[in-house]
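Take a look at the structure below.
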Amino acid sequence: MKSDRLLSILLLLQTRGRVPASELARRLEVSTRTVYRDVESLSAAGVPVYAERGRHGGIALLPGFRTDVTGLTTDEARALFVLAAQGAHTALGLDDALGSALRKVMAALPAPHRPAAELTGRRILVDPDRWMSGPRAAVDLGDLHTAVFTDLRLRLRYRHSGETRLRTYTVDPYGLVAKAGTWYLVADRRGRPRLFRADRVASVALTDAPVRRRPGVELAEVWQQLRREVEERPAGVEVTARIRRDRLDMAVRILGPALTGPPRSDAADDGWAVLDLAYPVIDAVRQLLQFSDLLEVLAPPEARRVLARAAAGIGEIYGGDGTGP
């Protein structure tokens, strides 16, 4: 709606100062011409807004102009209180600040919207952790949280997965990301994007050098690039397996990241479903041993041999009297 768009422009100008028309158009998903028409509408309504042309131009409000905007809709108010249930603020030490902010928002809401907003916090709960994810290492985000706001390069002591020794890196931070209950530092190292799990950061120190982020690149863009690299990593081994249908839902839950497509019917036997999987290395198929005789690998032969050798080793361990070698 145009009224929502005008309010959005007003809020952006109040918080950002001068903003290029092209940026407003991108944020509002309209054309630049529409933005200029909206600016004319605001001006006609008495808002002291103006446009400056040129390289450093943009759209701005006259200095000193402020307005109190309390025109939140019911859905917008509910969205703010659902945010309070998501838990990321806890790890950042912002519980008290968030509670205070929401009380101020509640006070500013039109009276008819207050009951719905308050009820949302009691009726909607978002738990970001996966089922049975196991205990997590304690993570102190205090130093990282402070560091990413300094605009200085950081020196990390970091432990990679499967290693015991610490490595030292100097990085240019973009920010922190919470993904499925795990926190990551997103940073450039030598001009290339990197991910660092916060629970593997042994220490972080500020350097005296200013941060060297790539011009015009923001956290969200770098995160999407890194996420694609993780999710679209080429498979080293493609595996075809079949699973008993009464265990299919459980298998999809457990094997989700390795699945390359939806389950298929087994033409030879209705009691089974066929799964297509991908693993980075052949030995990773050992993950499938947890399904015992409820799952059979059909191809490739190398994967069947890996599982056969592993099963034979398990038989040797458990086939005796339990007294050990």
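Bear in mind these aren't lab numbers, they're just calculated from the coordinates by the rules spelled out. Because the structure is predicted, anything quoted here is derived from the model rather than measured. Ideal geometry is used to build each Cβ from the backbone, glycine not excepted, and the neighbour counts take in all protein chains shown.
For region 260-283, name all the residues that are within 21 Å of Arg233 (Cβ to Cβ), in contact with a helix residue (DSSP H, G or I) (Cβ under 8 Å, 6 or more places away or on another chain) and surrounded by 15 or more Cβ atoms within 10 Å (Cβ to Cβ).
Answer for region 260-283, where residues must be within 21 Å of Arg233 (Cβ to Cβ), in contact with a helix residue (DSSP H, G or I) (Cβ under 8 Å, 6 or more places away or on another chain) and surrounded by 15 or more Cβ atoms within 10 Å (Cβ to Cβ): Leu275, Leu277, Ala278, Tyr279, Ile282.
Every residue in region 214-259 that is surrounded by fewer than 16 Cβ atoms within 10 Å (Cβ to Cβ), outside any helix (DSSP H, G or I) and not β-branched (Val, Ile, Thr), please.
Arg214, Pro215, Gly216, Glu218, Glu232, Arg233, Pro234, Ala235, Gly236, Glu238, Leu259
Condition first: among the aliphatic types (A, V, I, L, M) and in a loop (DSSP other than H, G, I, E, B). Can you find one or more residues in region 277-284 that meet it?
yes
Of the residues Val239, Val217, Val171, only one is in contact (Cβ under 8 Å) with a residue 60 or more places away in the chain and either under 30 Å from Gly142 (Cα atoms) or touching a Leu at 6+ places or on another chain (Cβ under 8 Å) (or both); which?
The unique qualifying residue is Val239.
Being in a helix (DSSP H, G or I) and surrounded by fewer than 16 Cβ atoms within 10 Å (Cβ to Cβ) is the filter; apply it to region 17-29 and report the residue that is nearest to the chain's Cα centre (by Cα).
So the first thing to find is which residues in region 17-29 are in a helix (DSSP H, G or I), and the list is 21-28.
In the following step, the residues that additionally are surrounded by fewer than 16 Cβ atoms within 10 Å (Cβ to Cβ) were identified as 22-23, 26-27.
Values: Ser22: 27, Glu23: 24, Arg26: 22, Arg27: 20 Å.
Checking each candidate, the answer is Arg27.
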